[in-house]
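Below is one structure; the comments refer to it alone.
The values are calculated or read from the model by the stated rules, or taken from the named source; none is laboratory data. Model, not experiment: these values are computed from the prediction. FYI the Cβ positions are ideal-geometry reconstructions off the backbone, even for glycines, and counts take in every protein chain you see.
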Amino acid sequence: MIRIVLALVLMAAFGRETTAANASAAPQVRELVTVSSEIVRIGDLVENAGPAADVPVFRAPDLGQTGAVQMARIVEALRPYDLAGLDTRGLNEVVVTRLSRAMTAEDINDRIARALSRQYGLGEAQNLAVVLDRDIRILHVEPTVGGDLVVSRMYVDPRTGRFDISFELPGSTLSRRGLRFTGTVTETAEAATLTRSLRIGEIIKASDVTTGRRPKSELRGDGIGADQAIGMAAKTTLRSGQALRIDDLIKPQIVQRNEAVTIYYEVPGIMLTVRGKATESGAMGDVVGVLNIQSNRTVQATVVGPGRVSIAAAGPLMASATAPAVTDQAPPTQ
């Protein structure tokens, strides 16, 4: 009797295991589906689809795109394939995503710059700024396709920088039409740019400049860095946002034309001073013309500070009735 009871228990347990195994092997609709081809097959939509797994039923979304398929459409499409016990899991739709390799606008611009580098008089790729006529967020290609875009046709107008370039991507279904780009390329250089407008003679402070890349045509030569510009003075009126060139700047003029100055004559152990008037402007260290008011003669003197110029005598000075008075005082500090 005990043996009969044990046999019945074992049979019941085996039956439950068989039922569970059959349930787990039953075809079941997936909620989220990813595909890498342009066709959605039954096996993509249904787990345990059996022999029908490779049967194509729907067209996949475009590369990198996601779409939803209503459950009613799926059931209708699967009806001829007799998927007994299909479990729809109470879903209303199935979401299908087609995988892709994404190429961003930055990737496209970089590839165009590399294609144009050292062509048509242009410089290195990292110095080329590419602006496309149409916005590109992401260009999707097949995930199985590797390699780089290959130039198939290229035209550039060196005068305007306008370009028309087409690429091919070996192994991809993308058409040449989708890989044709037009736009403008500009060669740039790093330069200091003004953050505010300056008047003639105004001295540049650190807060007045920032460094960035600007079209090389604006510079009409090599631009200068912010460190070089700070402490220099505006040679002409300069506007905010203007890229600075060496020719735009001069050393600060600390002696102005027609300004009253003190002339210092120096020889070892002796310093003489006399009043004068500058006949031209000058920066520290510049040699400028100065009128000696006492002798009414114009001499060349070196600017040594605001309102001060110096003349170093070539030889000993001889005292005379017209010689300027000797002063024991040291020259005023700068």
### Task
Just name the residue that is modelled with the highest pLDDT out of those in region 155-177 that are small (Gly, Ala, Ser), surrounded by 15 or more Cβ atoms within 10 Å (Cβ to Cβ) and farther than 30 Å from GLN228 by Cβ.
SER166
### Query
So which residues in region 261-297 are polar (S, T, N, Q) and assigned to a strand (DSSP E or B), if there are any at all?
THR262, THR273, ASN292
### Message
Every residue in region 96-120 that is over 30 Å from SER37 (Cβ atoms) and surrounded by fewer than 18 Cβ atoms within 10 Å (Cβ to Cβ), please.
### Response
ARG114, SER117, ARG118, GLN119, TYR120
### Query
Taking region 79-106 as the region of interest, how many residues are part of a loop (DSSP other than H, G, I, E, B) and in contact (Cβ under 8 Å) with a residue 40 or more places away in the chain?
9
#### Entry: One residue from GLY85, GLY67, GLY123 being surrounded by fewer than 18 Cβ atoms within 10 Å (Cβ to Cβ) and out of contact with any strand residue (DSSP E or B) (no Cβ under 8 Å at 6 or more places or on another chain)
GLY85
### Query
With LYS235, LYS216 as the choices, which residue is in contact with a helix residue (DSSP H, G or I) (Cβ under 9 Å, 6 or more places away or on another chain), over 30 Å from ARG159 (Cα atoms) and not assigned by TED's automatic domain parsing to the domain that holds VAL299?
LYS235
### Task
Give the residue, chosen from THR104, THR18, THR88, that is under 30 Å from SER172 (Cα atoms), β-branched (Val, Ile, Thr) and at pLDDT below 95.
THR104
### Task
Please tell me if ASN296 is crowded, with 17+ Cβ neighbours inside 10 Å and of a type outside the set (A, V, I, L, M, F, W, C).
no
### Task
Report yes if some residue within region 51-65 is small (Gly, Ala, Ser), under 30 Å from ARG162 (Cβ atoms) and either outside any loop (DSSP other than H, G, I, E, B) or modelled with pLDDT of 95 or more (or both); otherwise report no.
no
### Summary
The residue from SER217, SER197, SER240, SER207 that alone is more than 24 Å from the chain's Cα centre (by Cα) and touching a residue at least 12 places away in the same chain (Cβ under 8 Å) is SER197
### Task
Can you tell me which residue within region 34-47, out of those that are over 43 Å from the mean Cα position of the chain (by Cα) and without any contact (Cβ under 8 Å) to a residue 24 or more places away in the chain, is surrounded by the fewest Cβ atoms within 10 Å (Cβ to Cβ)?
GLU47
#### Entry: Lone qualifier among SER166, SER197 - being out of contact with any helix residue (DSSP H, G or I) (no Cβ under 9 Å at 6 or more places or on another chain) and either of a type in the set (Gly, Ala, Ser) or closer than 24 Å to GLN253 by Cα (or both)
SER197
### Message
Out of everything in region 130-154 that is buried (at least 16 other Cβ atoms within 10 Å of the Cβ) and under 21 Å from the mean Cα position of the chain (by Cα), what residue ends up being modelled with the highest pLDDT?
### Response
VAL130
### Message
It is to be established whether one or more residues within region 171-179 are under 24 Å from the mean Cα position of the chain (by Cα) and either more than 30 Å from ARG73 (Cα to Cα) or free of Cβ contacts under 8 Å to residues at least 60 places away in the same chain (or both).
### Response
yes
#### Entry: The one condition in (1) surrounded by 15 or more Cβ atoms within 10 Å (Cβ to Cβ); (2) closer than 29 Å to ASP247 by Cβ; (3) modelled with pLDDT of 90 or more that ARG214 fails to fulfil
(3)
#### Entry: Flag for VAL75 being part of a strand (DSSP E or B) and under 30 Å from GLU47 (Cα atoms)
no
